[in-house]
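Working notes, structure below.
The values are calculated or read from the model by the stated rules, or taken from the named source; none is laboratory data. Source: prediction; values computed, not measured. In this analysis, Cβ positions are derived from the backbone assuming ideal geometry, glycine residues included, and neighbour counts consider all displayed protein chains.
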Amino acid sequence: MPGSIGGVVEGRDGAVYQGAHIALDVTAGLEPSERTTTSDSDGRFSFTGVPAGAFKLTVSAQGFSSKSVSGVLASGQSYDAWAIVLALDATSSEVRVNASREEIAEEQLKAEETQRVFGVIPNFYVSYVPNAPPLTSRQKFNLAWKASIDPITFIETAAFAGVEQAENTYSGLGQGAQGYAKRYGANYADNFIGTMLGSALLPSVFKQDPRYFYKGAGTVRSRVLYAIANAVICKGDNGRWQANYSGILGNLAAGGISNLYYPAANRDGVGLTFENAGLGAAAGAVQNLFQEFVVKRLTPKIPNYGPAQP
């Protein structure tokens, strides 16, 4: 009875590798055969309808040394090759060593800026490289600026303003075209100030990374806890996990500043500040859960970042 063989291709940094070439050589009786496939966006591959007998998997990818895995497939067995880890070949290692951490971060940042859910919605603030080098202050501000002026950001702002207009949220802003314009401005200001403070200015001051680092492995419970915890903790530029002062203070500061342009009738001083900050933290936790379990599957093509560090 035929069986199946599957596994996942990773780099030594733990990042999954899409587009790796996998060749399966099977010896069944006197008729050896070869089949090939490529790893998907999760680094996974599989062969079905494989006859029982000895087999050999050969995994190769540009810039990496090939690796072979041999075994014997029993009748009807689902063989799991687990993680097949590829190492950089000597030539690639030599080239990467000459690149600075800032240059590698810039290369990976450009890849992140191509990440779009459904190929449209920007998903810039997630890294699929667990030990990616930290961003410089310049890179943090550039990323925040690009996220703030992306066309989809303006469309989302218009949609939120329309919902608030229909529900008469913040009634002090009024109705009609003028009321809609005020809601649009307030929504965009909330987003712009929050992004610049929480993802650029404060991360530069506290030397923290504003990105979410995709876990993608472990039990569902561990991934849920990791995603929720990342609403209040973050990775520092030194690579260590720490309290997310940037995000927490950024939400508080943005909430406080919002008192300057929301109408007096809807302004509640400290109450509005902490309400907006709390909503920001809760929204961050929900967003992280989506990042961990949903978003990657909805992104048409996760770019190849290359190795994380020289």
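Contact map, the stretch 1-12: residues that are assigned by TED's automatic domain parsing to the domain that holds Gly63 paired with residues that are among the basic types (Lys, Arg) and in a strand (DSSP E or B), Cβ distance under 6 Å, separation 6+ or inter-chain. Pairs shown: Val8/Arg44. Of all residues in the stretch 66-87 being within 30 Å of the chain's Cα centre (by Cα) and part of a loop (DSSP other than H, G, I, E, B), which is modelled with the highest pLDDT? Once the filter is applied, the top-ranked residue is Ser66.
Being among the hydrophobic types (A, V, I, L, M, F, W, C), loosely packed, with under 15 Cβ neighbours inside 10 Å, modelled with pLDDT under 90 and on the phi < 0 side of the Ramachandran plot holds for only one residue in Leu279, Leu249, Leu272, and it is Leu279. I need the full set of residues from the stretch 192-243 which are free of Cβ contacts under 8 Å to residues at least 12 places away in the same chain and among the hydroxyl-bearing types (Ser, Thr, Tyr), in order please. Answer for the stretch 192-243, where residues must be free of Cβ contacts under 8 Å to residues at least 12 places away in the same chain and among the hydroxyl-bearing types (Ser, Thr, Tyr): Thr219, Ser222. Scanning the stretch 99-139 for residues that are in a helix (DSSP H, G or I) and within 21 Å of Val295 (Cβ to Cβ) turns up Gln108, Leu109, Lys110, Ala111, Glu112. Report yes if Ala132 is at pLDDT below 90 and under 20 Å from the mean Cα position of the chain (by Cα), otherwise no. Against the criterion (at pLDDT below 90 and under 20 Å from the mean Cα position of the chain (by Cα)), Ala132 qualifies. Only one of the listed residues (Gly49, Gly63) is in contact with a Pro (Cβ under 9 Å, 6 or more places away or on another chain), at pLDDT below 85 and outside the structural domain of Phe293 (by TED's automatic domain parsing). That residue is Gly63. The residues of the stretch 51-67 that are among the hydrophobic types (A, V, I, L, M, F, W, C) and touching a Lys or Arg at 6+ places or on another chain (Cβ under 9 Å), listed by number, are Leu57, Val59.
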